[in-house]
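Peer 1: Below is the structure I would like to discuss, written out as structure tokens.
Only the coordinates and a few stated rules stand behind these numbers; no lab work does. Remember, it's a predicted structure, so these values are computed and weren't measured experimentally. Cβ sites come from the backbone with ideal geometry, for glycine too, and all protein chains shown count toward neighbours.
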Amino acid sequence: MFADLSPKSRVLVGRLKVFFDTHIYPNEERHHHEMAEMRREGNPWRPVPVVEELKVIAKSQGLWNMFLPHPYEGQGGISNLDYAPLCEIMGRVSWSGEVFNCSAPDTGNMETIERYGTSEQKKTWLEPLLDGKIRSAFLMTEPAVASSDATNIQCSIRREGDEYVINGRKWYSSGAGSSSCKIFIVMGKTDVTAARHSQQSMVLVPRDTPGVTVIRPLSVLGYDDAPHGHMEVLLENVRVPVSNVLLGEGRGFEIAQGRLGPGRIHHCMRSIGAAERALEMMCDRLQSRVAFGKPLSEQSVWHERIAESRCMIDQARLLTFNAAWKMDTVGNKDAKAEIAMIKVVAPNVSCKVVDWAIQAFGAAGVSQDFWLAEAYAHQRTVRLVDGPDEVHRNAIAKLELAKRAKLSMAKPA
């Protein structure tokens, strides 16, 4: 079982909470108004002024790139367990991660380039990403196939001399809408005749490469998630140097597995933060509203829901901490069961708690005046991103069955 948080993490948690009280929560309304103004002007896909201002403050206070597990030239260097409570705090405000350069998909992309990229790739793309000068996108999911099985991907990456020629259509490409997005990580097939898990490769594609077309933003239950968005992207005869491949041809599935482990647990950490905030809002609302002659908080159905919410959140947090600890101690591959379990549990818990909070708020809960509708849209989506619930449940079941089969074989006849 996991140990306690390190002194470093405890200090960072304290500093991050102060930053939220001083800079994030007081600016939630400003962020909402600035996004509304950008939409009225017809271009919500550009940096939000308040976020850009807060980035400078966060960087000056050393609250920057806290996600990176392996230090790169003085940046990052924190365990998954120590990052968990920090990421949970960021989950309380959907846009806050960017303030600390800790938002998806940039975190996963930076980890991928740091772990699998060449020195030149790191110099060209990782360093400006770590500095917050540019943003990135991850292009894996496709509209024409069931992308929960990554081996289904049809995007073609064909070698011609010293170049790759890329053709395909991607969607829900997170980050691709931002005007600051300068680099895509594209997953496609380089050899359809190879073994099933060796057909795929990942290639770095600059956003301004000829043949790249961002077709449209895709909404999530009505939310466009500007300014980064989830875009449909067309790749038509896109040419990039062979040197842009990550790790090597046929290593794409391997990279995806390495990338998605941390990405999955980061989503779970943020989901717990969202659930925690929803519970706080639920309690405050129930104590401030009277129905049928007494405060809603005195009605037994709400006692049941508050208690159940607390139990579920704490269980999910402990499971997340344990998965993070396993990743730190035995590696992502050997922690796959724990990662799969928390990827099922955390977003489902958050969906349930946010849903109860919406019920406590009544009609206000589904309005744009409160954070809850946005939170529900996001948490419901987390049940799909980085693998749907069904895929993770299937993986957990197979691991359990394999354990029993192994024990049965070991018993004497």
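Peer 1: Find the relative contact order for segment 135-249 and round it to a whole percent, using C-alpha pairs within less than 8 Å whose residues are 6+ positions apart. Provide the component values of the computation, followed by the final result.
Peer 2: Details: 279 pairs, mean separation 35.8, N = 115.
Worked out over segment 135-249, it gives 31 percent.
Peer 1: Counting alpha carbon pairs within less than 8 Å and at least 6 residues apart, what relative contact order, in whole percent, applies to the chain?
Peer 2: Working: 685 pairs, mean separation 60.2, N = 413.
About 15 percent, as a whole number.
Peer 1: Then there's this: Just name one of S198, P210, L286: the one whose Cα is farthest towards the positive end of the charge dipole of the chain (beta-carbon charges, Lys/Arg +1, Asp/Glu -1).
Peer 2: Working it through, the farthest residue towards the positive pole turns out to be S198.
Peer 1: Moving to a separate point now. Could you tell me the calculated FRET efficiency between D208 and D284, based on Cβ-Cβ distance and R0 = 41 angstrom, to the nearest 0.05?
Peer 2: On the way: r = 47 Å, r/R0 = 1.16.
FRET efficiency, D208 to D284: 0.30.
Peer 1: Also, I was wondering about something else. Note the direction-averaged projected area, equal to a quarter of the hull surface, for the Cα convex hull of segment 336-378, in nm².
Peer 2: Numbers: hull surface 11.4 nm².
In nm², the orientation-averaged hull projection of segment 336-378 is 2.8.
Peer 1: Suppose every Lys and Arg Cβ carries +1 and every Asp and Glu Cβ carries -1, with no other charges. What dipole size does the chain come out with about its Cα centre, to the nearest 20 debye?
Peer 2: Working: 50 positive and 49 negative charges, 196 e Å.
Here the chain has a charge dipole of around 940 debye.
Peer 1: Something else about it: Which angle from 0 to 90°, rounded to the nearest 10, does the C-alpha axis of helix 300-330 make with the longest principal axis of the chain?
Peer 2: The two axes meet at around 30 degrees.
Peer 1: A further question follows. When the chain is fully extended, how far beyond the present Cα-Cα distance does D21 get from V242, taking 0.36 nm per residue of separation? Please list the in-between numbers first.
Peer 2: Values: separation 221, 0.36 × 221 = 79.56 nm, distance 4.76 nm.
Result for the pair: 74.8 nm of gain on full extension.
Peer 1: Right, something else. Between segment 15-78 and segment 344-413, what is the C-alpha centre distance in whole Å?
Peer 2: About 28 Å separates the Cα centre of segment 15-78 from the one of segment 344-413.
Peer 1: Also, quick follow-up: When the helices in the chain are scored as -39500 (n - 2.57) per DSSP H run of 4 or longer and the sum is shared across all residues, what 222 nm value do you end up with, to the nearest 500 deg cm²/dmol?
Peer 2: About -15500 deg cm²/dmol.
Peer 1: Can you give the angle from 0 to 90° between the axis of helix 389-410 and the longest principal axis of the chain, with both taken from C-alpha atoms, to the nearest 10?
Peer 2: With rounding to tens, the tilt is 80 degrees.
Peer 1: Considering only the other residues whose Cβ falls under 13 Å of the Cβ of M282, what net charge follows from Lys and Arg at +1 and Asp and Glu at -1? Can you show the working numbers first?
Peer 2: Values: positive: R277, R285, R289, R305, R310, K352; negative: E276, E280, D284, E304, E308, D355.
Every neighbour counted, the sum reads 0.
Peer 1: Obtain the nm distance between the two label points defined at N394 and E52 by a simple spin-label model: each point lies 7 Å from its Cα along the Cα-to-C-beta direction.
Peer 2: For the pair N394/E52, the computed spacing is 4.5 nm.
Peer 1: Follow-up question, since we're still on this one. Among the aspartates and glutamates, select those whose C-alpha is under 14 Å from the C-alpha of K326, and discard any that sit fewer than 8 residues away in the same chain.
Peer 2: Partners found: D4, D82, D334, E338.
Peer 1: Distance between the C-alpha centers of segment 106-128 and segment 261-332? Whole Å please.
Peer 2: 34 Å
Peer 1: Work out how much length D334 to I215 would gain on full extension: take 0.36 nm times their residue separation and subtract the Cα-Cα distance, in nm to one decimal. Walk me through the numbers before you get to the answer.
Peer 2: Numbers: separation 119, 0.36 × 119 = 42.84 nm, distance 3.93 nm.
Here the segment from D334 to I215 would lengthen by 38.9 nm.
Peer 1: Output the direction-averaged projected area (hull surface divided by four) of the convex hull of the alpha-carbon atoms of segment 253-410, in nm². Please report the intermediate quantities before stating the final value.
Peer 2: Values: hull surface 45.3 nm².
Convex hull of Cα atoms, orientation-averaged projection: 11.3 nm².
Peer 1: Work through the residues other than S243 whose Cβ is under 9 Å from its Cβ and net out their charges, Lys, Arg +1 and Asp, Glu -1. Show your work: numbers first, answer last.
Peer 2: Numbers: positive: none; negative: E120, D162.
Surrounding charge for S243 is -2.
Peer 1: Once you have a ≥ b ≥ c as the square roots of the Cα gyration tensor eigenvalues for segment 243-324, tell me rounded if a/c is under 1.5, and otherwise prolate or oblate according to whether a/b is larger than b/c. Before the final figure, lay out each step's value.
Peer 2: Values: a/c = 5.69, a/b = 3.54, b/c = 1.60.
Because a/c hits 1.5 or more and a/b exceeds b/c, segment 243-324 counts as prolate.
Peer 1: Output the pairs from K170/K398; K8/K55; K182/K352; K182/K343; K8/K352; K122/K182 with a Cα-Cα distance over 26 Å in this structure; if there are none, say none. Mind dumping the intermediate values first?
Peer 2: Values: K170/K398 30 Å; K8/K55 21 Å; K182/K352 37 Å; K182/K343 29 Å; K8/K352 33 Å; K122/K182 14 Å.
Exceeds cut-off: K170/K398; K182/K352; K182/K343; K8/K352.
Peer 1: Next question, about the same structure. Where in segment 242-285 does the label zone of E163 land, with the point 7 angstrom along Cα→C-beta and an amide N cut-off under 17 Å?
Peer 2: Flagged as within label range: 242-245.
Peer 1: I'd like the orientation of helix 252-288 relative to the chain: the angle between its Cα long axis and the longest Cα principal axis, in ° from 0 to 90, rounded to 10.
Peer 2: Tilt relative to the chain: about 10 degrees.
Peer 1: Using the Cβ atoms and a cut-off under 14 Å, what net charge is assigned to the surroundings of A360, where Lys and Arg are +1 and Asp and Glu are -1?
Peer 2: -1
Peer 1: If you place +1 on the Cβ of every Lys and Arg, -1 on the Cβ of every Asp and Glu, and leave all else neutral, what size is the dipole of segment 315-413 about its Cα centre, to the nearest 20 Debye? Please report the intermediate quantities before stating the final value.
Peer 2: On the way: 14 positive and 10 negative charges, 144 e Å.
About 700 debye.
Peer 1: Can you compute the charge dipole magnitude of segment 135-249 about its Cα centre, using +1 on each Lys and Arg Cβ and -1 on each Asp and Glu Cβ, nothing else charged? Give it in debye, rounded to the nearest 20. Before the final figure, lay out each step's value.
Peer 2: Details: 11 positive and 12 negative charges, 11 e Å.
Roughly 60 debye for segment 135-249.
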